[in-house]
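Take a look at the structure set out below.
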Amino acid sequence: MQHRYFRQSVSLPATVHNELTTLADNLGVSRSEIVRLAVDHYLAFHAGRGANPNRVAELAEFNQLVMDQILRRDFPDLREQVLDAVDKRLGKFHGR
């Protein structure tokens, strides 16, 4: 299915524009594609179709607890290595 596109100008602060450009370059997509996706997510969220942040947090906590129990039980010697890898990924993808 082909989409019909309409041009819409948006003014962004320099910091947001720079982040958008960096992300687009890293992902190999256009800035416009990222903006379209962001708007789609925003509209879906406000229409009640988006992810519930509280539910997402609950699920993440549950998954962390389960994985920690599995690591402790089945792979105790790898637990610290896995936790270090998780910390690095959090830093890379979430600025932690």
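Read-outs: derived from the displayed coordinates by stated rules, not from any lab. If you're wondering where the values come from, they're calculated on a predicted model, not measured in any experiment. When we count neighbours, we look across all protein chains shown, and the Cβ atoms used for this are built from the backbone with ideal geometry, even at glycine.
I want to check the label-to-label distance for residue 94 and residue 67. Put each point 7 Å from Cα in the C-beta direction and report it in nm to one decimal.
0.9
Taking the 0 to 90 degree range and rounding to the nearest ten, how far is the long axis of helix 79-94 tilted relative to the main principal axis of the chain, both from C-alpha atoms?
10
Could you tell me which of rounded, prolate or oblate describes the range 29-96, using a ≥ b ≥ c as the square roots of the eigenvalues of the alpha-carbon gyration tensor, with rounded for a/c under 1.5 and, failing that, prolate when a/b is larger than b/c and oblate otherwise?
Details: a/c = 4.23, a/b = 1.86, b/c = 2.28.
Oblate.
Would you mind ranking 17, 46 by Cβ crowding within 10 Å, fewest neighbours first?
In increasing order of surrounding Cβ atoms, one gets 46, 17.
Report, to the nearest 10°, how far helix 14-27 tilts away from the longest principal axis of the Cα atoms in the chain, using its own Cα long axis and a range of 0 to 90°.
The answer is roughly 70 degrees.
Please identify the longest segment of the chain free of exposed chymotrypsin sites (Phe, Trp or Tyr not before Pro), where exposed means a DSSP state other than H, G, I, E or B and no more than 16 other Cβ atoms within 10 Å.
7-96
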